[in-house]
Amino acid sequence: MGTLGVLAAIFWKGIKHYTRYPGSLVIYLMLPFLFTLLIFGMGRFVGGGNAALNFATRTGTSNVLVYEMLGGAVWMTGWVVVEDVGVALRDEQMKGTLEQNFLAPVNRFTLLVGISLTDIAITTAIFLIVVGVTLALTLPGAYLAFFQAFLMLLIGLIPLFGIGFLFSGFVIKFKEPYIFTQMVNLIFGTLTGTYYPVTILPYWVQFLSAVLPQTYVISNMRQIVLANRTLVSLYGSIFILLALALVYPTIGYLVFKKLEKDASVTGELSKY
Amino acid sequence: MLPVNFPSIESFTRLGEEFKAAFMKDLRSYIRYPAWLVGDLVSTPLWFFFFAVGVTLFAPTTQTSVYHGYSFFFFGFIFIVLFSTTIWGTGQSVRNEQMAGTLEQFFLAPSNRLTLILGRWMRIFITDILVIGYTTVLLYVFGGGPLSLYEPALFVFALALYEVGSIGFGLFFAGLTMKLKSYNTLSNLVFFGYMILTGALFPVTVIPMPFRYVSLAIPFTYFIDLMRHAALLTPTILPMGFEYASAILLSFIMLLVGFVTFNWIEQDARMRGSIATS
């Protein structure tokens, strides 16, 4: 079986898992709506009749739903990648199948990319459904903006997978992935401006936001959909994203290989 | 379910010992994985910060009652932490044993099934209180302001009603884990339903009218309303005396329904042989 065959096998394995247990996909699809509803309900309580006006003053748009849903959808894509790529190998550990996978004549990088391919399909589905429904309801003619926002997501996924590789190494080494991924997802949600512009965060926190790809993806999507900007006009942040797309997968894979090698020496690969 | 000579002193002593053993077992598991404690200590204040910053966008630029608003949301977070105990603590206790493959051993032991669940509930309740206390101090240090608690005794009473009701709800959920194996989807949906509909984070008056009826049909709405009334002197949904009477009745009904449902589902699962299917 060639590399493409291996990638296809890993991809279909992931897709079968999602179709066999559709509950997790349903949750990923619903969470952006539920979080937005929560924030909006709390905002209505705090701002009263002027809540939307106060929001517009601070964000430059009165379209609360689209603003929040774009952030929520990107947050969920990051959530999927961290949960799947980061935890996938731990799941194999728990099932006792990690050694079989690692003993197969398959490059580790191919293994990680295969898992990532499944996630490209899943995150695409989440984006198309969550953002598609939101735009269809609120900005029905915004096809071009929707398409550009989707391209933005695809560019942002590359560095995100690099972060996923990094976590999969940590998880093999330190076990206990669920608390770890929960914290990381929450930190990502907080730092990347999921439900607010990062400019309202303290200056030192904004520095941390600047090294996370989702920050640029969310901000650019809002610019494209709500401020009629084009991808070309946002070339500065796209250039940064492309640089992150080079840095994160490289660091992520190197760290993964190092931690995997350490674990194979100490015999920790299949330990509970 | 209960010991043969119930209610004798011996049976109570034995229940107490079983409860202690279940509590210690869960505490040991928790301490063995320090990542859980670190996760609790980091996640709880971070969730608060995450929502608080999001909500700031809607706030007027000239806020006059900052501390009251802060207390309102902070108590909302306490209600959320308490409910997460119900869902992922009490409710998931049976599922955890199922996944570890130890549920049959536990059910075959000559001990009360409920002690497993209540022992876990107690451990999580204690760690919740510690995490809430730590978060209160942390947010105070970072300028969150002091918390208001006008009627501490009434607050504790309302909290006790909440906990009695939540144990019943947790038992019901623990039973469901023997029926439904895709527990996480349901628990997440129920958790969000609770956050949005019970007035935990904003008053039920904010909820549009047809949906507000759903809120008013949920017992947790009244437990939360009474706790917030005791803490911040906010007006109650129903006349106060009537709301207290309703809450007392609802909490015990929930406990009874949870207990009966758990027993019924367990019996059914035994007959079907589905107790330990993971």
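For the range B:175-185, what are the residues that are facing chain A (nearest Cβ under 10 Å) and small (G, A, S)?
Residue satisfying the conditions is B:S182 alone.
Could you list, in sequence order, the residues of the range A:142-179 that are assigned to a helix (DSSP H, G or I), under 29 Å from A:G96 (Cα atoms) and free of Cβ contacts under 8 Å to residues at least 24 places away in the same chain?
A:F174, A:I179
Could you tell me how many of the residues in the range A:195-233 are touching a residue at least 60 places away in the same chain (Cβ under 8 Å) and part of a helix (DSSP H, G or I)?
The number of residues fulfilling the criteria is 11.
Taking the range A:224-272 as the region of interest, how many residues are over 30 Å from A:K95 (Cα atoms) and either of a type in the set (V, I, T) or surrounded by fewer than 19 Cβ atoms within 10 Å (Cβ to Cβ) (or both)?
Matching residues across the range A:224-272 total 19.
Report yes if A:T19 is in contact (Cβ under 8 Å) with a residue 12 or more places away in the chain and at negative phi, otherwise no. I'd like the intermediate steps shown before the answer.
Working: in contact (Cβ under 8 Å) with a residue 12 or more places away in the chain: no; at negative phi: yes.
When the stated conditions are applied, A:T19 does not pass them.
From the list A:V113, A:V80, exactly one residue is under 25 Å from B:F191 (Cα atoms), in a helix (DSSP H, G or I) and in contact (Cβ under 8 Å) with a residue 40 or more places away in the chain. Which is it?
On the way: A:V113 fails: under 25 Å from B:F191 (Cα atoms).
Within the list A:V113, A:V80, the selection yields A:V80.
Give the residue, chosen from A:Y196, A:Y216, that is closer than 19 Å to A:V80 by Cβ and at pLDDT 90 or above. Working first, answer last.
Working: A:Y196 fails: closer than 19 Å to A:V80 by Cβ.
Going through A:Y196, A:Y216 in turn, just one is closer than 19 Å to A:V80 by Cβ and at pLDDT 90 or above: A:Y216.
Among the helices (runs of 4 or more DSSP H) contained in the range B:1-110, which hold 1 or more residues that are modelled with pLDDT of 85 or more?
Details: elements: B:9-32, B:34-56, B:66-84, B:93-100, B:103-108.
Of the helices (runs of 4 or more DSSP H) lying wholly inside the range B:1-110, those with at least 1 residues that are modelled with pLDDT of 85 or more span B:9-32, B:34-56, B:66-84.
Which is crowded, with 16+ Cβ neighbours inside 10 Å, more than 14 Å from chain B (Cβ to nearest Cβ) and farther than 16 Å from A:S168 by Cα, of A:V74, A:V85, A:V113, A:V81?
A:V74
Which condition does A:A56 not pass, out of (1) facing another protein chain (nearest Cβ under 10 Å); (2) surrounded by fewer than 24 Cβ atoms within 10 Å (Cβ to Cβ); (3) touching a Phe, Trp or Tyr at 6+ places or on another chain (Cβ under 6 Å), if it passes all the others?
(3)
So, in the range B:197-227, of the ones that are modelled with pLDDT under 90, closer than 22 Å to B:E163 by Cβ and of a type outside the set (S, T, Y), which residue ends up surrounded by the most Cβ atoms within 10 Å (Cβ to Cβ)?
Across the range B:197-227, the extreme among qualifying residues is B:G199.
A quick yes/no check of all residues on (1) within 14 Å of another protein chain (Cβ to nearest Cβ); (2) without any contact (Cβ under 8 Å) to a residue 12 or more places away in the chain:
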residue	(1), (2)
B:L154	no, no
B:F157	no, no
B:S166	no, no
B:F172	no, no
B:S187	yes, no
B:F192	yes, yes
B:V204	yes, no
B:I218	no, no
B:D225	no, no
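The values are calculated or read from the model by the stated rules, or taken from the named source; none is laboratory data. All figures in this text were calculated on a predicted structure; none of them were measured in a lab. Cβ atoms come from the backbone with ideal geometry, glycine included; neighbour counts cover every protein chain shown.
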